[in-house]
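The values are calculated or read from the model by the stated rules, or taken from the named source; none is laboratory data. Computed from a predicted model, the values in this text were never measured in an experiment. Cβ: placed from backbone, ideal geometry, glycine included. Neighbour counts: every protein chain shown. Heavy atoms of the whole protein, side chains included, go into the accessibility calculation; ligands, DNA and RNA do not. Shrake-Rupley method; radii C 1.70, N 1.55, O 1.52, S 1.80 Å.
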Amino acid sequence: MYNTIEVIVLDIKNAEIKLLKKGRLYSERCDNVKHVKVLGYLSIVQSIEGSYDISIGNGETKATGDGGFFIAPAGVQQTIVHHINKKSGRMICRWLFIDVEINKAYKLDSLYDFPLIINDKDKELLSALFDRIFGSEDLFENYSDCYRLLSYLIKRATPIKKLPNKSVQGTIAYITEHYAERISVSDLANISNMSESNFHAVFKKIMGESPISYLNHYRLSLAAEALTETESSIGEISYSVGISDPLYFSKLFKKTYGMTPREYRGVHKR
C-alpha cells in the first residue's frame, strides 16, 4: 500500500474558483510571532515590508525576504514566523485564499506541487497581479486576474507525487465537515477502518502531525479568520469551531499564535 507512488497528470477541462478571499496585515507588534495553522484553501502570501520564515509539514524552513511570496497548499500544516522590516519597524503583507475545483472533481493543490517561495525573477510579475487584485473591488475583475494568477502558478508547478491513502484523505474530509462537533482519535480511526494506534501512526507519517494536533490547528485557523472577519465574541467563536471551553480555547490559541484571541483581533482586524 505504501510502496506505490502515484503521479497525477490531468487534462484540465474545467477550472472553477469556488472561494476567493483577500486579506492584509499592517503591524508593528508581530516581530518573531509564530503561527502554526491548517487552512482549507490554497494560500498565496506576499510580505511587502518585512518577511516570513515558512515551512510546510516537516519540510525545510525558507525565507521570503522583503517583497517575497510564499505559496501553501490546503490541508497541510503551515509554520510561519513574522519578521518586521528593521528600517520601517513594521510588517505589511497581503494574501489571497483561493479554493479551485478542477474538472468538477479535484482541488487544484491536490494535483500540483507549487513552489514554496517565488524566485526573484517572477516576483515582479506576481506583485503586479496582486496590485491589480487588491486595487479593485470589482468581483469580475478580481476573478479574471485570479485566473491569470492560477495560469502563472500551474506553469511553474509539477504534477503531484504522493502515497495514496484514501483512509487519511477521508478523515481530513470528515474533519473539514464536522470540526464543530466532538471528534476523538477513536472516531477518526473507526472512519478509517484502522486500529487507533495504527491510524495515529499512519496519519502522523503522512500529515507530519498527530490527528488531534491537525484538528486543533484546523479549528484555530478558522477561529483566527472569524476574529478578523466577524464581531462574534471569543466565546461564540470558540463554540463555533468545536472547542466548548473558551478558557482552554484562549490558552490553546495563545500557544499557537503567540497572542491571545483578543490581542490577535486587535492586530489583524480589517
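If you filter region 33-47 down to residues that are under 27 Å from E124 (Cα atoms) and among the small types (G, A, S), you find that the one that is nearest to the chain's Cα centre (by Cα) is S43. Residues of region 31-53 that are in a loop (DSSP other than H, G, I, E, B) and modelled with pLDDT of 95 or more: G50 alone.
Taking the criterion of being surrounded by 14 or more Cβ atoms within 10 Å (Cβ to Cβ) and at pLDDT 85 or above, the only residue of region 157-169 that qualifies is A157. Taking I117, is it open to solvent by 20 Å² or more (accessible area, probe 1.4 Å), farther than 23 Å from I175 by Cβ and touching a residue at least 40 places away in the same chain (Cβ under 8 Å)? Yes: the conditions hold for I117.
Out of everything in region 233-253 that is open to solvent by less than 40 Å² (accessible area, probe 1.4 Å) and hydroxyl-bearing (S, T, Y), what residue ends up being nearest to G266 (Cα to Cα)? Only one residue fits best here, namely S250. For region 1-18, the set of residues classified as at pLDDT 90 or above and open to solvent by less than 50 Å² (accessible area, probe 1.4 Å) consists of A15, I17, listed by residue number.
For region 254-267, taking the residues that are assigned to a loop (DSSP other than H, G, I, E, B) and not β-branched (V, I, T), the one that is least open to solvent (accessible area, probe 1.4 Å) is identified as M259. Among the candidates R182, R156, the residue that is touching a residue at least 40 places away in the same chain (Cβ under 8 Å), over 22 Å from the mean Cα position of the chain (by Cα) and more than 19 Å from K34 (Cβ to Cβ) is uniquely R182.
Pull up region 60-72, narrow it to residues that are outside any strand (DSSP E or B) and open to solvent by 40 Å² or more (accessible area, probe 1.4 Å), then point me to the one that is farthest from L129 (Cα to Cα).
It comes out as E60.
Hey, any hits in region 129-149 for a residue that's of a type in the set (K, R) and touching a strand residue (DSSP E or B) at 6+ places or on another chain (Cβ under 7 Å)? No, that holds for no residue. Close Cβ contacts (under 9 Å, 6 or more residues apart or on different chains) running from residues in region 133-149 that are farther than 20 Å from A15 by Cβ and modelled with pLDDT of 95 or more to residues that are open to solvent by 50 Å² or more (accessible area, probe 1.4 Å) and not in a helix (DSSP H, G or I) comprise F134/K22; F134/R24. Take the conditions (1) part of a loop (DSSP other than H, G, I, E, B); (2) closer than 22 Å to S55 by Cα; (3) at pLDDT 90 or above; S232 misses just one of them, which is (2). The set of residues from region 190-229 being among the hydroxyl-bearing types (S, T, Y) and within 19 Å of the chain's Cα centre (by Cα) comprises S210, S213, Y214, Y218, S221, T228.
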